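The values are calculated or read from the model by the stated rules, or taken from the named source; none is laboratory data. Bear in mind the structure is a predicted one, so any value in this text is a computation, not a measurement. Cβ placement follows ideal geometry from the backbone for every residue including glycine, while neighbour counts extend to all protein chains displayed. Just the protein is used for accessible areas: all its heavy atoms, side chains included, with ligands, DNA and RNA removed. Shrake-Rupley method; radii C 1.70, N 1.55, O 1.52, S 1.80 Å.
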Amino acid sequence: MKEKIVVVLGPTATGKSYCAIEMAKRLDGEIISGDSMLVYRGMDIGTAKPSETELAAVPHHLVNILPPDAEFNVVDFKNQAEQLITEITTRGRLPVIVGGTGLYIKALLEGYSFNQADKVSKVREELESFLFANGKEALYDKLLQLDRKAAANIHMNNTRRVIRAIESAMQGETVACESEGSEKYDAVVFGLNMPREFLYQRINTRVDLMLQQGLEAEVRQLLQQGVPADCQSMQSIGYRQMVWYLQDEMPYAIAVDKLKQATRNFAKRQITWFKKMPYINWIELGEKPDYAAAVNVMCDAVRKHWQD
């Protein structure tokens, strides 16, 4: 019998964490973060990490488990999440996975296996097809998932170098191979979405709030503590742009503009990625989301799914 899980995903700034916490409270659940950045300690503001109060409301996993200079990838996530799902299920509770890192969620739900790359030519052909279908930003994002350090030294527009770097990361490392199409878990998967114009407004507002909360000081402190500017976590959106400013590579206002633009572009890529996952039950939110109603709909759907 497949283990039961609930998943709440969607682009950044749609309110996933709030909904997941409320669902976990009602459904006797524990949360597993599916966000590649929440694993890092001391990186709170730029990751929009849930507050201490929110983290204490229900048990959270894969949050604050690594120092900021550590590396963490899809293989690490999948292995740890699978183990946590079994442990939570054994306790008689419901695993609730929440996050926006599409590769992590897809690999977990679809039971990706990770094997040695067989033929570089085949990988290259697949990457070139991916570039044609999804664009250079999505290709670069794929490299960021595999090797952020390499990505830091390659411009996104240099797609030939990006492809070679992905090939290199896959060789001797891992390459994802989909399972035979059957989903690994008995999963109810929800996606939060809202009109693009409202989402972008929320993203810009969220960035302004991060700056008010002290994002610059957080990044400055990390650098002073010796966290390398080119390590995986510091290359993520928000931290990368503040590093540029703090290292005098650009004025503050330009860094902020680039941060907002990068976040909007990331949200666009997330939407494109998630739209290719046909098993997602989409919850459409308006300009002023009614999260209480959304949580009611999701909880009712979960109960009905397992009653039927």
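Observations
Results for (1) over 24 Å from D44 (Cβ atoms); (2) among the aliphatic types (A, V, I, L, M); (3) open to solvent by 50 Å² or more (accessible area, probe 1.4 Å), shown as yes or no for each residue.
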site	(1), (2), (3)
L66	no, yes, no
F72	no, no, no
I88	yes, yes, no
G92	yes, no, yes
G99	no, no, no
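- Q171 vs. criteria polar (S, T, N, Q) and at pLDDT 90 or above: no
- Residue within segment 233-241 that is out of contact with any helix residue (DSSP H, G or I) (no Cβ under 6 Å at 6 or more places or on another chain), outside any helix (DSSP H, G or I) and of a type in the set (D, E, K, R) present: no
- Index of the failed condition, D230 passing every other in (1) buried (at least 17 other Cβ atoms within 10 Å of the Cβ); (2) out of contact with any strand residue (DSSP E or B) (no Cβ under 9 Å at 6 or more places or on another chain): (1)
- Within segment 285-293, at least one residue is under 30 Å from R93 (Cβ atoms) and open to solvent by 50 Å² or more (accessible area, probe 1.4 Å).
- As a summary of the residue check, Y252 satisfies the conditions (1) open to solvent by 70 Å² or more (accessible area, probe 1.4 Å); (2) within 15 Å of the chain's Cα centre (by Cα); (3) among the aromatic types (F, W, Y) except for the one numbered (2).
- Filtering segment 204-217 for residues that are closer than 20 Å to L38 by Cα, in a loop (DSSP other than H, G, I, E, B) and touching a residue at least 40 places away in the same chain (Cβ under 8 Å) leaves a non-empty set.
- Among (1) part of a strand (DSSP E or B); (2) open to solvent by 30 Å² or more (accessible area, probe 1.4 Å), the one test that E54 misses: (1)
- Sole residue being over 20 Å from the mean Cα position of the chain (by Cα) and surrounded by 13 or more Cβ atoms within 10 Å (Cβ to Cβ), chosen from R220, R206: R220
Each row is one residue, and each column tells you yes or no for (1) among the small types (G, A, S); (2) part of a strand (DSSP E or B).
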position	(1), (2)
E71	no, no
V75	no, no
Q80	no, no
L84	no, no
I88	no, no
G92	yes, no
I97	no, yes
Y104	no, no
A107	yes, no
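- Residues located in segment 273-283, provided they are modelled with pLDDT under 95 and open to solvent by 70 Å² or more (accessible area, probe 1.4 Å): W273, K275, K276, P278
- The number of residues in segment 6-35 that are touching a strand residue (DSSP E or B) at 6+ places or on another chain (Cβ under 9 Å) and either open to solvent by less than 10 Å² (accessible area, probe 1.4 Å) or over 24 Å from I237 (Cα atoms) (or both) comes to 20.
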